[in-house]
């Protein structure tokens, strides 16, 4: 009985010692995104099985500052540091792709699937084209997904701006109150 206990203790020490190093997957590299088409490409990492990419709208600093400290919506804000600048986004993405695998060349490429805004907690918005996304600033986030033996990677980040020309208003409707 003593031999089994000693063997189990030694085995546990070896297993824990093997976990002493970081088991986090490396961050994907060579991340590229084409605003006009929603196409992306990045280099996969060793030991990763699948990847996820999300696109988030950047929140105006004034909005983030106006959220009360105890406000539960504050928990929905994620801060990323992109090129040395902190940007805040809502936790809910406007576009994404998940469960992607690297091709034979080691790269992951596809197009983002974008969705319109939905106020429903039970269903998402309808699919929209990249051209129909709001004209604003965005952050694209590519990550290697966690596996049975490795934690998810840190995100590869790209910030970009979807620009264009706003439509000219065709009519104005207003109401005048007696008060």
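The values are calculated or read from the model by the stated rules, or taken from the named source; none is laboratory data. None of the values given here were measured: they were computed from a predicted structure. Reconstructed Cβ throughout: ideal geometry from the backbone, glycine too, with neighbour counts over all protein chains shown.
Data for the structure
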item: Residue list for the range 83-118, filter: over 16 Å from residue 43 (Cβ atoms), without any contact (Cβ under 8 Å) to a residue 60 or more places away in the chain and assigned to a loop (DSSP other than H, G, I, E, B); result: 84, 91, 92, 93, 94, 116, 117, 118
item: Hits in the range 64-79 - residues which are surrounded by 10 or more Cβ atoms within 10 Å (Cβ to Cβ), out of contact with any helix residue (DSSP H, G or I) (no Cβ under 6 Å at 6 or more places or on another chain) and either at pLDDT below 80 or farther than 11 Å from residue 90 by Cβ (or both); result: 71, 73, 74, 79
item: Any hit, the range 142-149, residues being over 20 Å from the mean Cα position of the chain (by Cα) and modelled with pLDDT of 85 or more; result: yes
item: Answer residue from the range 131-179, given it is touching a strand residue (DSSP E or B) at 6+ places or on another chain (Cβ under 6 Å) and farther than 30 Å from residue 23 by Cβ and is surrounded by the fewest Cβ atoms within 10 Å (Cβ to Cβ) among those; result: 161
item: Test: residue 37 is at pLDDT 90 or above, in contact with a strand residue (DSSP E or B) (Cβ under 9 Å, 6 or more places away or on another chain) and in a loop (DSSP other than H, G, I, E, B); result: no
item: Count - residues of the range 86-99 that are surrounded by fewer than 18 Cβ atoms within 10 Å (Cβ to Cβ) and closer than 27 Å to residue 132 by Cβ; result: 6
item: Inter-residue pairs, beta-carbon under 8 Å, first more than 26 Å from residue 142 (Cβ to Cβ) and in the range 62-82, second at pLDDT 80 or above and surrounded by 10 or more Cβ atoms within 10 Å (Cβ to Cβ), 6+ apart; result: 67/77
